[in-house]
Structures are given as structure tokens and as C-alpha cells.
Amino acid sequence: MKKYLVFFVVCNLLGLYASAQVDIIQNIDSRNIQNLDGQWHYIIDPYETGNNSFYQNKEQKSKSDLLEYDFAKSTMLNVPGDWNSQDDKLLYYEGTVWYEHDFNVTPRPGKIYFLYFKSVNYEAAVYINGQKAGEHKGGFTPFQFDVTSLLHNGSNFVVVKANNRRKKENVPTENFDWWNYGGITGDVFLAEMPSTFISDYKIQLTRSDYRHINGFVQLKGRQLPQKITVAIPEANIHTMITTNDSGYADINITTNKLHYWTPENPKLYNVIITDEEDTVTDKIGFRTVETKGQDILLNGKPVFLRGICMHDEDPFIPGRPRNVSECRMMLSWAKELNCNFIRLAHYPHNEAESRLADSMGIMLWEEVPVYWSIDWENSSTYDIAQHQLSELIARDKNRASVIVWSIGNETPATEAREKFMEALADHAHMLDDTRLVSAALLGHINNNVFHLDDPLGKKLDVVSFNEYLGWYSGLPQDISKYSFTIDYGKPIIITETGGGALAGFHADAETRFSEEFQEAIYKNQVKLIKGIDGLRGITPWILVDFQSPKRMNPTYQDYWNRKGLISETGQKKKAFYVLKSFYDEMEKKYPVK
Ligand code: GCB
């Protein structure tokens, strides 16, 4: 704890903290926004023909004009929504699609306008009325551009060039086990902000000190030194702070009036921040999370994380979830499993999920797509990984549900990777000292012993690893022969385990892809892992079957990864009930006092 505090204070003094912050408007949904979601025209452009022209959105003026594209006559896609699920031609498409959308606005003098995107996969170039607003890389996190000078009264248009081509140097890289959904997958807003506005804030309990609220407010705009109030009326908190010349002010509040957020009682408070021109209200829960020896402590009490992994995919589309109720459906399935924890794998999910988790009482593991072997030696690959981590932390740092930032998944240990991942772990700690930092590590098996000795484990607050005993190594009936050697003296989470089953396919427990095979894996796994000293949670792979181009067996997979406990039609497989009864037992073992 002390280590992080010193680190944090030093970073603050050096101004590193503020400069490492990403510029996105905090809590965008509650601001003065015009929603630009809906139907957007699109043009598929596999040869990048439109690079020098489409942003102009030209119309044919006379009958002799040659125009080889026409947004107004092109078909439409729903925004938000991946393109793969909306047009058969785009199911496997990887490349450029251009989007165009008209909107009306009457810009008001003195106001600042931002075009805000919750997510575009993977690269986006954005133009307003034929002028470039900016570019963004990284497919899952929000970004914004100041478009004040590009708007005019009345009808305006926005053109977005989105490109989801996989590249070696990207994060994720070329190879990953999920569908490469492209396009404008998140909401698009035009935000109208006052001339000085509350751009960002963090309001959280200090790690391990549940009487001390710590954080900051960051103003942007014309009049940066100002008095600000931070109020939590229900807890009788009203504090006045003053921002410096850069619009930054620390928040330090001591209180003994808070009810702490727990999964059993996910208490959220209205927090109101007000400056001279702007007010923002958020719902924030207060809890501490820390480790002590091999325990994970939530508000000072040991917890066992009854978890499950999830992709950000609504199986009924199938595609990226487009609204809150689709996200709620998936989180509710995890609740039915008696989970108190979800690993949102392997990239930042729809923001609605962390908000829902806050109110539904589910702890979260959030991750960036540093997945398998990425281009470790490439400094721009590091930059984009770090940037995605910064954007994720910027977005969700006020969510009580989020207790772990994960810096990656199954990254094979090499020297270059070690340097990369250690820097990323330091970055996560610097940006947020109120949460735990982890990564899903790889072990190796020797004579039925699963060894975990990845040096990165020393850098992490919680040591986590994936193992597929009974599926990728051995058969379900072999599981009991294995043992583990893990000695970091830290809490341990098994971040993946499991196996595949086609829902409704029944056979004996030795028949691959039968529900009985998967059930046997779960039965034997829960027995085996109980013996791991320091095990403080598991998140088996995975809640729901998900689409993957890597899963091609026509009988059982048909481009679906079948390791879900629930099928793509919503059918629960036998293993679902095995895990649920393990969680019922663990809930009794770790009672909430
Ligand atoms: C893993 C990966 C996950 C895959 C899973 C599988 O280890 O982390 O992304 O989908 O295994 O099904 O093989």
C-alpha cells in the first residue's frame, strides 16, 4: 500500500499523473449530448478507393457529373452495431467501410462541441463537413474530437472511415480467438460543453483506507482556476476545492458516513460536482480492494471471487451488444450462476456493463487486448497498448465494480515481453492505485505438475493463470492426477479453465463435445482446484458460446467456440449446474459478515 502511495504522490508532483490522463469527457451519458445513433449510410471500400474523396460526401450536381460513389443512395447500417452482423457481405470482412450521417445542430456561441465515439474497431478517421476532425486507433475504448470550429448552423454531415484489418503491430495482433467485429460498435454523441467544463474526475476510496475519499477534478476550457464543489448529499459531504492554472484539483475527503459497496449490497451514491458553469452527477459506489498475504480483501474482508469469463457478444444477434438490455441479459446469466465476479475478456467491453455491474453487485476484471504473441519489440505497439489501457482506466475508474485491471492474456514469457508487460503494469499502478493489477498467465506442465513460474507474476498484485487440464491436456478423467506448484505468496485466480460442448449433444464423458465431457471437466476441476493454496477465485471459460473464425469443425463448432456454459440459443449445458453448485458452496464458505 505504502509503495503505491509514494509512487502516486511522486507522479503527482512530477505532473506525470495529469499528463498520462486521456482526454475524454468523464460520464458522457449524463452530459448535454445529442445522440447521433441510428441509421448511417455506408460504402464498403476494400481497395481504399475513397481515401482522397469520400470525406467530401459529394452529390451529383448535374446529369453529366461523374460520381463513382454516392452516400445518399447507399444502404444503411445501424449505429451502434458491428457491420458483420448487419450485412451478409460483411460477415468475414476485414478492411475499410465508410460511414456517413447527416445531423442538425445550432451551435451556440461560447460553447465547445465534441464528437464522442464510444468505440470504433479498429482505426477511425473522422471528418465533419469535409474537414478532418481526427483519427483514433484501438477498437474498444472511447475517444473524442473538438469539432467546434467545424460545425455550422443547420445540416452538417459526419464521415467516418473505419478499418478493422488485422495487423501484426496492432493490439490485438493478427491472431486471436474471437470475431473481428468491425465498425462503429458504440454510441456516437455530439456533446455541447460550456466554455469551462468538468472534463474528468476520479472519486474513490483510498486503497485500504475506508474513511478517506481521494481523487481529482480536471477542468478544461477558458477559465481554468475556479472553485468547485463536490457533494455527496446522502453522506452529508459538501467540499469546496480550487483548481490550479491547469484546471486540476485534488480531492481529499475524510468521512465515516458511507455504506460500503459490496456485491450483496451494491450501494451507490449520487455524487455532484459543480463549477461556475457546469454540473455533473454520477452514481458512485465506495469500497476498498487490496491484498493481504494470499487474501483479496473487499472493505477489509476476505472474498472468494465466484467468477466467469465473458466476451462482449450478444449470441442472439450474434454480434456486439447494442444496448443496455442486451448487456443486462448477459450479466443476469452470470447472476443465475451465482457469480459475484466477471472477467470481461479480452478487451474493454461496452461501458454499460461496468455501470450495470455497479448496480447489480458484480465485481469486474477488465482487460486490454494484449493477447498471445504481440509485436513486443515494436515501440508503437507498446504505445497503443498503453494508450488503450489509459483509455479504459479513464473511462471506468469511478466504477466500484471494477476491482482488477488486467494487462493481458497468455503472453509467452520472453525478455522483450517482460519489459513490455512490466512497463504496462507500472502504468496501470500509476494511473490507478485503488485497484489490483493482474494478467492471465501461462504455466507449463511437467510430469502431471502444472508449474506457474512466469516472472511477470512478481509484478502483479494477484497471480492469475489459465489451465485447460482435461481439454487441451489429457482427458476429464485424468484431471485428478495433476497438482500445482505456484509460489508467489499472493492471491491466485484461475482465469480460464473448461472445455467445449455442443448443447443438446449427449454421450458418455469420454466423447468430445458432449455435454457429459464438459460436465466431467467441471466436476473434476472443482475437486482439483480446491487443493490450491491461496486460490481466491476462478473465472472459467466461458459464460456463453461465442463466434470465432478459428473453430471450424462443421459438426460441433461451425465457427462457434463451444466452451460456453450456455449455448448461443440460451440453453444451459450440464456443466452450468456443476459450477453453480460449487459457487453455492463457496458462498457458504465465505459468508458476508
Ligand atoms: C485460451 C484463450 C481464449 C480462448 C480459449 C480457448 O486460452 O485465452 O481466448 O478462446 O483459450 O477456447 O481455447
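Quick note: the coordinates plus some simple rules give every number you see, no bench work behind them. Every value quoted in this text rests on a predicted model; they were computed, and no experiment measured them. Cβ sites come from the backbone with ideal geometry, for glycine too, and all protein chains shown count toward neighbours.
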Exercise. In terms of Cα to Cα distance under 17 Å, which lysines are near enough to LYS419, apart from those fewer than 8 places away along the same chain?
Worked result: LYS458, LYS459
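Using a Förster distance of 60 angstrom, determine the FRET efficiency expected from the C-beta separation of ASN448 and LYS111, and round it to 0.05.
Values: r = 66 Å, r/R0 = 1.11.
Calculated value: 0.35.
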Exercise. What nm value, rounded to one decimal, do you get for the distance between THR281 and ASN104 when each label is placed 7 Å out toward the C-beta?
Worked result: 2.9
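Residue separation times 0.36 nm, minus the C-alpha to C-alpha distance between ASP487 and THR229: what's the value? Please report the intermediate quantities before stating the final value.
On the way: separation 258, 0.36 × 258 = 92.88 nm, distance 4.75 nm.
So the extension gain works out to 88.1 nm.
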Exercise. Which whole-Hz ³J(HN,Hα) couplings does segment 392-400 yield from phi under the Karplus relation 6.51 cos²θ - 1.76 cosθ + 1.60, θ = phi - 60°, glycine and proline marked x?
Worked result: 5, 5, 4, 6, 10, 5, 9, 8, 4
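What is the antiparallel percent of DSSP beta bridges lying wholly in the chain, to the nearest 5? Spell out each step's value before the answer.
Values: 90 of 126 bridges.
Just about 70 percent of them are antiparallel.
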For this session: Pick out, from GLY247, ILE403, ALA385, the residue whose Cα sits farthest towards the positive end of the charge dipole of the chain, with +1 on the Cβ of Lys and Arg and -1 on the Cβ of Asp and Glu.
Result: ILE403
Problem set entry | Those GluC sites (Glu not before Pro) in segment 354-455 that DSSP places in a loop and that have at most 14 other beta carbons within 10 Å | GLU377
Problem set entry | Per-peptide average of other Cβ atoms within 10 Å, ordering 104-114, 176-186 highest first | 176-186, 104-114
Exercise. Quick one: if you stick a label point 7 Å off each Cα along the C-beta vector at TYR92 and THR555, how many nm between them?
Worked result: 2.3
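So for segment 291-589: antiparallel DSSP bridges make up what percent, rounded to the nearest 5?
The antiparallel fraction comes to roughly 25 percent.
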Seminar exercise, completed: the chain, Kirkwood Rh and Cα Rg, ratio Rg/Rh at 0.97
Problem set entry | Whole-Hz ³J(HN,Hα) from phi, Karplus 6.51 cos²θ - 1.76 cosθ + 1.60, for segment 521-530, glycine and proline x | 4, 5, 4, 6, 5, 5, 5, 4, 6, 4
Seminar exercise, completed: segment 196-288: relative contact order from alpha carbon pairs under 8 Å, six or more residues apart, as a whole percent, is 31
Exercise. Once the dipole of the chain is set up with Lys and Arg at +1 and Asp and Glu at -1 on Cβ about the Cα centre, which of GLY300, ASN350, THR173 lies farthest towards its positive end?
Worked result: GLY300
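Fully extended, how many nm does the chain gain between ASN256 and HIS238 (0.36 nm per residue separation, minus their Cα-Cα distance)?
Values: separation 18, 0.36 × 18 = 6.48 nm, distance 1.39 nm.
That works out to 5.1 nm of additional length.
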For this session: Just list whichever of LYS527/LYS572; LYS267/LYS563; LYS89/LYS335; LYS161/LYS267; LYS267/LYS550 have alpha carbons separated by over 32 Å in the model shown.
Result: LYS267/LYS563; LYS89/LYS335; LYS161/LYS267; LYS267/LYS550
Problem set entry | Long-range amide H partners of PHE546 with built H, under 5 Å | ASN561, LYS563, GLY564
Exercise. Given only helices, namely DSSP H runs of n ≥ 4 each adding -39500 (n - 2.57), what is the per-residue ellipticity at 222 nm of the chain, to the nearest 500 deg cm²/dmol?
Worked result: -5500 deg cm²/dmol
